[in-house]
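The values are calculated or read from the model by the stated rules, or taken from the named source; none is laboratory data. Model, not experiment: these values are computed from the prediction. Neighbour counts run over all protein chains shown; Cβ positions are idealised from the backbone, glycine included.
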Amino acid sequence: MTVRASFDWAHVAATDQSFENALAKARAGDRLDVDDATELLATGTDREGLDPARVERVLEAADARRREVVGDEVTFVANVNNNVTTACNTGCLFCNFKDAAATFEGEDPDVGYTRTPAESRSVVRDAVARGVYEVCSVSGLHPALVLDEDHHEALAGREGVNYRPPEAYGTDPGTYLDQLRAMAVDGVHVHSMTPEEAAHARRGVDRSYRETYERLRGAGLDSAPGTAAEILVDEVREEICPGKIDSGEWVAAMEGAAAAGLDLTATIMYGHVENVRHRALHLDVVRDLQDRTGAIREFVPLSFVHPNTPLYERGLVDGGASDAEDALMIAVSRLFLDNVDHLQSSWVKFGDEKALKLLSCGADDLMGTILSEEITTRAGGTHGEFRSFEDYARMIRAVGREPVERSTDYRTRRTLPEEGPYGPRLGPRADGTPILSDGPRQPADD
Ligand code: SF4
């Protein structure tokens, strides 16, 4: 028995549906239900393990659907990551990003970091000058981060609200509104404030999610990432992230963001303790949310990366998803989410080779350049966690698809020309110069 099979779940992978019926519905374009998705993800719950021939049939159906819905374009965006702080006390067992907030008290620690609003602005300004037009910012839940100055006053001296005043820390992160105002410069699109961060921005006060997101939008927020979703089934959340908001709260936050006029994304983080039924239930929550809001621009399956996580170190998992499970997750997302057009294959999670393979399993987006501050300052050096437009053009054409630069919201796109050099053109300062070019900005001939 695998570790993953040893949990005593209320939701189990068993249905009255058959794999063949579920696949027939998928091929006909009928709306799938949770039983159908469970059968497809399991390639039949009537047998142990995945059936390789059935896997291929599901992938083919998803690839055909992708072609019908979005054609052969593969999109990507010119973006920079600016995560404000790694300080976080939430203790999610799958996370290796955070550092206990107590280590940030007094002097700055050797591990982790917190950026001031001025430092955030500098990161974004530098990236925008290189042609980037999206900043993606997802941060730890620093105890001193609050919505605004009034929020500081409301929380001061209170117990049990995960709050400490900025004076307790080596670096003051400012407020969420300060950080957004700092990042919203030079026409860049600010993609930030997950449901978990929005919950942190309203903790201990009587303010709705809608009002919270309206305030954030007023400070420069353009769209909200639907990360922190993990698996939207509470029995799984209790095992992997008991300190996080529950699934109902996650949905309420996303609805509040949509009501505030923001575009959204949605994610699933799978391949840890959950079973295929949980994955299917998660897809159902996302599709219902999209039926109600129409605000989700893309869905992003994130395969759990197990090394250096408490889940792995404590023996609660013995690895992540297999290649076949990754492919099925993409494929069934494409077939089940009939109301979300775009499906992302994340090269950060899957690596280049598998990320490209997943483009033939239902995916049509390959994320973004993910320029980071370290990369910016070492421009021209090792690329690390960065993909250039040149990389994108080469990789996407190698699999016979069409490389297309997109805006964050997918509403603006541009097909890359046959010949390079390649650089972004959709942003306010994007003139076609390759992002890491060191010389004077010289528009590329595309
Ligand atoms: S909330 Fe959870 S996932 Fe996010 S930084 Fe904190 S511990 Fe990590």
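A few points about this structure:
- Pick from the stretch 290-320, criterion among the aliphatic types (A, V, I, L, M) and in contact with a Leu (Cβ under 6 Å, 6 or more places away or on another chain), ranking: farthest from Ser6 (Cα to Cα): Ala295
- Matching residues, the stretch 298-324, being buried (at least 19 other Cβ atoms within 10 Å of the Cβ), more than 13 Å from Lys349 (Cβ to Cβ) and either out of contact with any helix residue (DSSP H, G or I) (no Cβ under 7 Å at 6 or more places or on another chain) or among the hydroxyl-bearing types (Ser, Thr, Tyr) (or both): Glu298, Thr309, Tyr312
- Test for Ala327: is it part of a helix (DSSP H, G or I) and touching a residue at least 24 places away in the same chain (Cβ under 8 Å): yes
- Ala28 free of Cβ contacts under 8 Å to residues at least 12 places away in the same chain and either within 28 Å of Ile240 (Cβ to Cβ) or away from the ligand (no atom under 16 Å from the Cβ) (or both): yes
- Note on the stretch 88-127: among residues that are more than 10 Å from the ligand (Cβ to nearest atom) and part of a strand (DSSP E or B), the one that is farthest from Ala229 (Cα to Cα) is Glu105.
- Near pairs, Cβ below 7 angstrom, 6+ apart or cross-chain, from the stretch 66-89 (under 13 Å from His191 (Cα atoms)) to any residue that is away from the ligand (no atom under 16 Å from the Cβ) and basic (Lys, Arg): Val77/Arg406
- Every residue from the stretch 348-386 that is in a loop (DSSP other than H, G, I, E, B), at pLDDT 85 or above and farther than 18 Å from Val128 by Cβ: Cys361, Gly362, Ala363, Asp364
- The one condition from (1) surrounded by fewer than 16 Cβ atoms within 10 Å (Cβ to Cβ); (2) touching an Asp or Glu at 6+ places or on another chain (Cβ under 6 Å) that Ala129 does not meet is (2).
- Residue check for Thr43: of a type in the set (S, T, N, Q), at pLDDT 95 or above and more than 30 Å from Ile370 (Cβ to Cβ): yes
- When the stretch 202-258 is filtered for residues that are within 23 Å of Ala280 (Cβ to Cβ), of a type in the set (D, E, K, R) and either in a helix (DSSP H, G or I) or in contact with a Pro (Cβ under 8 Å, 6 or more places away or on another chain) (or both), the ones remaining, listed by number, are Asp234, Glu235, Arg237, Glu238, Glu239, Glu249, Glu255.
- Looking across the stretch 247-275, the residues that are within 14 Å of the ligand (Cβ to nearest atom) and not aromatic (Phe, Trp, Tyr) come down to Glu249, Ala253, Thr267, Met269, His272.
- Here the condition is being surrounded by fewer than 18 Cβ atoms within 10 Å (Cβ to Cβ), without any contact (Cβ under 8 Å) to a residue 24 or more places away in the chain and not in a loop (DSSP other than H, G, I, E, B); of Glu60, Glu48, it holds for Glu60 alone.
- Test: Arg292 is at pLDDT 95 or above, surrounded by 19 or more Cβ atoms within 10 Å (Cβ to Cβ), of a type outside the set (Phe, Trp, Tyr) and in a helix (DSSP H, G or I): no
- Test for Glu238: is it surrounded by fewer than 19 Cβ atoms within 10 Å (Cβ to Cβ), free of Cβ contacts under 8 Å to residues at least 12 places away in the same chain and within 15 Å of the ligand (Cβ to nearest atom): yes
- Ser208 vs. criteria more than 16 Å from the ligand (Cβ to nearest atom), of a type in the set (Ser, Thr, Tyr) and surrounded by fewer than 19 Cβ atoms within 10 Å (Cβ to Cβ): yes
- Tally, over the stretch 324-348, of residues that are closer than 16 Å to Glu60 by Cα and not hydrophobic (A, V, I, L, M, F, W, C): 4
- Matching residues, the stretch 86-108, being among the small types (Gly, Ala, Ser) and surrounded by fewer than 20 Cβ atoms within 10 Å (Cβ to Cβ): Gly91, Ala100, Ala102, Gly106
- Residues (within 22 Å of Thr293 (Cα to Cα) and hydroxyl-bearing (Ser, Thr, Tyr)) located in the stretch 171-219: Ser192, Thr194, Ser208, Tyr209, Thr212, Tyr213
- Restricting the stretch 128-156 to residues that are away from the ligand (no atom under 16 Å from the Cβ), outside any loop (DSSP other than H, G, I, E, B) and touching a residue at least 60 places away in the same chain (Cβ under 8 Å), the residue that is nearest to the chain's Cα centre (by Cα): Glu134
- One residue stands out among those in the stretch 71-85 that are assigned to a loop (DSSP other than H, G, I, E, B) and surrounded by 22 or more Cβ atoms within 10 Å (Cβ to Cβ): the one that is farthest from the ligand (Cβ to nearest atom), which is Ala78.
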